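What follows is a set of notes on a single structure, which appears directly below.
The values are calculated or read from the model by the stated rules, or taken from the named source; none is laboratory data. Keep in mind the model is a prediction, meaning the values are calculated, not measured. All Cβ positions, even for glycine, are placed from backbone atoms using ideal geometry, and neighbour counts span all protein chains on display. Just so you know, the surface numbers come from the protein's heavy atoms only, side chains and all, with ligands and any DNA or RNA stripped out. Shrake-Rupley method; radii C 1.70, N 1.55, O 1.52, S 1.80 Å.
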Amino acid sequence: MSLLQILWFILIAILWAGFFFLEGFDFGVGMQFFGLAKDDHDREALYQSIGPNWDANEVWLITAGGAMFAAFPYWYASLFSGFYLMLLVVLLALIYRGSAFEFREHMPTIQGTRLWERLIVLSSFIAPFFLGMIFTAMASGMPIDAHGDLTAGFFDYVTPFTLVGGIAVTLMSYIHGLNFTRLKIEGKITTRATAQLKLLYPVLLAGEVLFAILLFFYTDFIQTKPLLTVILLAILVVMTLLGWYSTYHNGKTFPFLLSGFGLVVVVVLLFTGLFPRLMVAHNPAHSLLIATSSSTPYTLRVMTYVVATALPLTLGYQIWSFYVFRKRIVSHKVIE
Amino acid sequence: MTLVGILELARFQFAMTTIFHFFFVPMSIGLAVVVAVMETMYVIKKDETYKKMAQFWGKIFLLSFAVGVVTGIIQEFQFGMNWSRYSRYVGDIFGAPLAVEALVAFFAESTFIGLWSFTWDRMKPAVHVLFIWIVAIASCVSALWILAANSFMQNPVGYAINNHMGRAELTDFGALLTNKQLWVQFPHVIVGTLVAGGFIVAGMAAFKLLKLKPGDPQIILFRKSINIALVVGLIGVGGAVITGDKHAFDLQTMQPMKYAAMEGVDETIDSSKRSDKAQPWSLISVTNPQTHKVIAKIEIPYVLSILGNHSLTGGKTVGTTELQKEFVAKYGEPKDGVANYYVPENTLFYAFRVMAMGAGLLGLIAVVALWFNRKKSNLILTQRWFLWILGVMTFFPFVVNTAGWLVTELGRYPWVVYGLMTIADAVSPNVSTASLLISNIVYFLTFSTLGGLMIWLSRRVLHAGPDVQEEEILSPQDPYEHLQAQKESEK
């Protein structure tokens, strides 16, 4: 395993972490279009709160996928062909979600607009759920043949562990979205968001405990890296507790950062557990390894130069964009 | 034999999804340029008409961009999903341009499109116009990287085969970017986007002019739109002819099979052995897809010498029959469900003619339209038949661009990477026919829905006209208004 290979493993983890931090609240906000939002003013405020940024947030996913292809083609090939139908569902969710944001405001009837908004809710639930399932399945190990091709069946993909993983990522995204709503929007909707958070944090805590137990039985993370895994799980629980505590106070930025970094910790947990593998096979000899699944040192070096130049610039204008849209949005309901 | 089923389905999916995606790529890049020019006019002339114009066409642009983005996501994932053996074989080379595209171009596009569409009232016009230019330029950069990847498939460069790993490896990143293929293909695609942007705007404006009553104040906006759009469109057509000629010329050496099929040449034409010392060009040609022999054709003398040799006489075009023999000698007998090295001759022949003649027709119509639409003339309004023709041209760029894409991609058959790997060796071995069938059906239904909606909603936007803001209908108030009022009262 070379330093470059490890660097790219870390970079891909960072891209996924960035994706879940940013798109996490986008998904969460999308889930609130019905339920938390009570009228068109709320929905418009929700849309405005993520409108300028959701597309760029999603590019983190595209970049993560591209980086996997470029840096670890064997990983990319095995993962994407192996989780075919689940990825198809994720892609469809992203397709309909992206179209919905643009189409909803052009619909001639209120029913038409509603239809797209319902699709926003549905797709915002589906995408993180299936991504969560894919990642937990990847951690728990899959039947992989000597060529690196997955030969998995339904019950390899769908296990209690992957279901809990999917639900956990969805719930964390929803909570992250609620915290974002509290941060970005003014109006009664934030009161409702706080009320929901007070209920959901204990549920998440229980879920995390369950997840930790299943992690012990379904993966070798705790067996092979006991200290690191337990520390990360503990951090996750502490962050959740802090988040729960903060809902009883007026702070808005802190809980948002907590729920965002909660998702980041989950990604870190996955990647530390995988290390030095990329995909865990039932037959350990067939596991995809960082050392043997990467591109050549030359390609990795070229890519490193590109990232070193482009990433600061990209981060710069993305942060600037968030700064431009820093103002809170007032749900119209308050005005009337 | 099951592999063939998977292969056909995976090929169908790639063709369907890329063609559909490629409807919206030239459309959105071209519209970005046209809208950027309009907004620049507003900044320079400070005439509100141009602002209204940019905002109006901006709505169509945003619709096309949204569909372009969501159909683009599939592309990047599809290589891993359907073509895993391809991904392993060339990932070391092919993955890099895709990753770089996302990082240096796609991030910029999507960030600045957000800034552009949400800050009309909050940024100075001179700053605001920069956003749309950044979007337009970033889209072109995006196209550059994607085509760098595609050009490697068409004309592999900068690599070495590693037999131990069983893959092709990158040895020269610079070579990917200086690929001869890239620098004929990229300019050709970019001018194609200008054709799309120009004629879509001009065509839609023509439909609108047909609806407007004489004396309607909107007429001036749409007439000006036609002028701006067609200037962009004409630049596109001119560029397409120049770059297309260069592209076709280079194909003779780079991909002779593609060239021979495009021109319907089955038996080698050697001008030195002919009495007129020139190569004739087929206007119409029909090839038997089983025997790969031309069974009927109408020829025009000299023209293929002009196109292929850039002079009235001379030159030689190697026919598909001879090339097939050459390829067998060079690459061996084809295997894995690939019967031979012939490409789909009839499709290439007619797609090429649709593209080339379509471009000529568009150029002609643009010139007439600009003449009818000059300031001193009212011909554009009185000659309603012509507005109909111009209106129908809205759909022509899609036909022309798709035809070009078909020539490029089908002419690669049976290679996924020219001379290196055949499509049959590239497909994922572990994806079931059922999975592929499901994804094909779902994508097909989804894309049909999106395409239909796109046309319908664009019509609605056009019908509503530039004076109606959709936002006004749905949300009567600016969400920031309250905050602003509050701040002012605090002062």
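In segment A:270-288, of all residues being surrounded by fewer than 17 Cβ atoms within 10 Å (Cβ to Cβ) and over 21 Å from the mean Cα position of the chain (by Cα), the one that is nearest to A:LEU4 (Cα to Cα) corresponds to A:PRO276. Output yes when any residue across segment B:309-322 is at pLDDT below 90 and assigned to a helix (DSSP H, G or I), and no when none is. Scanning segment B:309-322 turns up at least one residue that is at pLDDT below 90 and assigned to a helix (DSSP H, G or I). Within segment A:88-102, being open to solvent by 10 Å² or more (accessible area, probe 1.4 Å) and either more than 7 Å from chain B (Cβ to nearest Cβ) or touching a helix residue (DSSP H, G or I) at 6+ places or on another chain (Cβ under 6 Å) (or both) holds for A:VAL89, A:TYR96, A:GLU102.
Return yes or no: is B:ALA296 touching a strand residue (DSSP E or B) at 6+ places or on another chain (Cβ under 6 Å) and open to solvent by less than 60 Å² (accessible area, probe 1.4 Å)? Against the criterion (touching a strand residue (DSSP E or B) at 6+ places or on another chain (Cβ under 6 Å) and open to solvent by less than 60 Å² (accessible area, probe 1.4 Å)), B:ALA296 qualifies.
Does B:GLY30 satisfy being under 18 Å from the mean Cα position of the chain (by Cα), without any contact (Cβ under 8 Å) to a residue 60 or more places away in the chain and part of a helix (DSSP H, G or I)? Here the answer is no, as B:GLY30 does not meet what is asked. Count of segment B:272-285 residues, restricted to those that are surrounded by 16 or more Cβ atoms within 10 Å (Cβ to Cβ) and touching a strand residue (DSSP E or B) at 6+ places or on another chain (Cβ under 7 Å), is 5.
B:VAL416 meets all of the listed conditions (1) away from chain A (no Cβ under 11 Å); (2) in a loop (DSSP other than H, G, I, E, B); (3) touching an Asp or Glu at 6+ places or on another chain (Cβ under 8 Å) but one, namely (2).
Note on segment A:47-56: residues that are over 11 Å from A:PHE101 (Cα atoms) and surrounded by 24 or more Cβ atoms within 10 Å (Cβ to Cβ) amount to 2. Applying the condition of being among the charged types (D, E, K, R) and not in a loop (DSSP other than H, G, I, E, B) to segment B:431-467 and asking which residue is farthest from the other protein chains (Cβ to nearest Cβ) yields B:ARG459. Of all the listed residues (B:VAL70, B:VAL90), the sole one being touching a Gly at 6+ places or on another chain (Cβ under 7 Å), part of a helix (DSSP H, G or I), touching a residue at least 60 places away in the same chain (Cβ under 8 Å) and β-branched (Val, Ile, Thr) is B:VAL70. Check A:TYR323 against each of (1) closer than 21 Å to A:THR63 by Cα; (2) without any contact (Cβ under 8 Å) to a residue 12 or more places away in the chain and name the one condition it does not meet. All conditions are met except number (1).
Is it true that some residue in segment B:95-111 is among the aromatic types (Phe, Trp, Tyr), more than 7 Å from chain A (Cβ to nearest Cβ), touching a residue at least 24 places away in the same chain (Cβ under 8 Å) and part of a helix (DSSP H, G or I)? Within segment B:95-111, none of the residues are among the aromatic types (Phe, Trp, Tyr), more than 7 Å from chain A (Cβ to nearest Cβ), touching a residue at least 24 places away in the same chain (Cβ under 8 Å) and part of a helix (DSSP H, G or I).
Of everything in segment A:294-327 that is more than 7 Å from chain B (Cβ to nearest Cβ) and of a type in the set (D, E, K, R), the residue that is farthest from A:LYS184 (Cα to Cα) is A:ARG301. Looking across segment B:79-94 at every residue that is open to solvent by 10 Å² or more (accessible area, probe 1.4 Å) and charged (D, E, K, R), the one that is farthest from the other protein chains (Cβ to nearest Cβ) is identified as B:ARG85. Within segment A:57-78, the residues that satisfy the criterion of being within 22 Å of A:GLY141 (Cα to Cα), facing another protein chain (nearest Cβ under 7 Å), of a type outside the set (Gly, Ala, Ser) and open to solvent by less than 10 Å² (accessible area, probe 1.4 Å) are A:PHE69, A:PRO73, A:TYR76.
Being open to solvent by less than 10 Å² (accessible area, probe 1.4 Å), assigned to a helix (DSSP H, G or I) and within 14 Å of chain B (Cβ to nearest Cβ): is that true of A:MET138 here? Considered against the rule, which asks whether it is open to solvent by less than 10 Å² (accessible area, probe 1.4 Å), assigned to a helix (DSSP H, G or I) and within 14 Å of chain B (Cβ to nearest Cβ), A:MET138 comes out as yes. Looking only at segment B:114-126, residues that are open to solvent by 10 Å² or more (accessible area, probe 1.4 Å) and either more than 7 Å from chain A (Cβ to nearest Cβ) or of a type in the set (D, E, K, R) (or both) come to 8 in all. So which residues in segment B:81-114 are among the hydroxyl-bearing types (Ser, Thr, Tyr) and farther than 15 Å from A:LEU79 by Cα? Residues satisfying the conditions are B:TYR89, B:SER110, B:THR111. Every condition in (1) open to solvent by less than 20 Å² (accessible area, probe 1.4 Å); (2) assigned to a helix (DSSP H, G or I) is met by A:SER295 except one, and the failing one is (2). Of the residues making up segment B:382-404, those that are open to solvent by 50 Å² or more (accessible area, probe 1.4 Å) and assigned to a helix (DSSP H, G or I) number 9.
Check segment A:32-40 and report whether any residue there is open to solvent by 10 Å² or more (accessible area, probe 1.4 Å), charged (D, E, K, R), within 9 Å of chain B (Cβ to nearest Cβ) and over 19 Å from A:VAL169 (Cβ atoms). Yes: one or more hits. Filtering segment A:149-202 to residues that are open to solvent by 40 Å² or more (accessible area, probe 1.4 Å), in a helix (DSSP H, G or I) and touching a residue at least 40 places away in the same chain (Cβ under 8 Å) leaves A:TYR157, A:PRO160, A:ILE167, A:LYS188, A:ARG192, A:GLN196, A:LYS198, A:PRO202. Across segment A:108-125, the qualifying residues are those that are part of a helix (DSSP H, G or I) and open to solvent by 60 Å² or more (accessible area, probe 1.4 Å), and the one among them that is nearest to the other protein chains (Cβ to nearest Cβ) is A:ILE110. Can we say A:SER49 is more than 30 Å from A:THR194 (Cβ to Cβ) and either more than 9 Å from every other protein chain (Cβ to nearest Cβ) or in a helix (DSSP H, G or I) (or both)? Here the answer is no, as A:SER49 does not meet what is asked. Considering B:GLY308, B:GLY314, the condition of being closer than 29 Å to B:VAL191 by Cβ, surrounded by fewer than 19 Cβ atoms within 10 Å (Cβ to Cβ) and not hydrophobic (A, V, I, L, M, F, W, C) is satisfied by B:GLY314 alone. For segment B:161-256, the helices (runs of 4 or more DSSP H) that sit wholly inside it and include 2 or more residues that are under 23 Å from B:ALA366 (Cα atoms) and open to solvent by less than 10 Å² (accessible area, probe 1.4 Å) are B:180-211, B:218-254. Cβ-Cβ distances below 6 Å connect the following pairs, each with a first residue in segment B:442-468 that is under 19 Å from A:VAL90 (Cα atoms), a second residue that is of a type in the set (A, V, I, L, M) and in a helix (DSSP H, G or I), and a separation of six or more residues or different chains: B:LEU450/B:VAL67.
Checked against (1) at the interface with chain B (Cβ under 9 Å from one of its Cβ atoms); (2) open to solvent by less than 70 Å² (accessible area, probe 1.4 Å), A:VAL267 passes all but condition (1).
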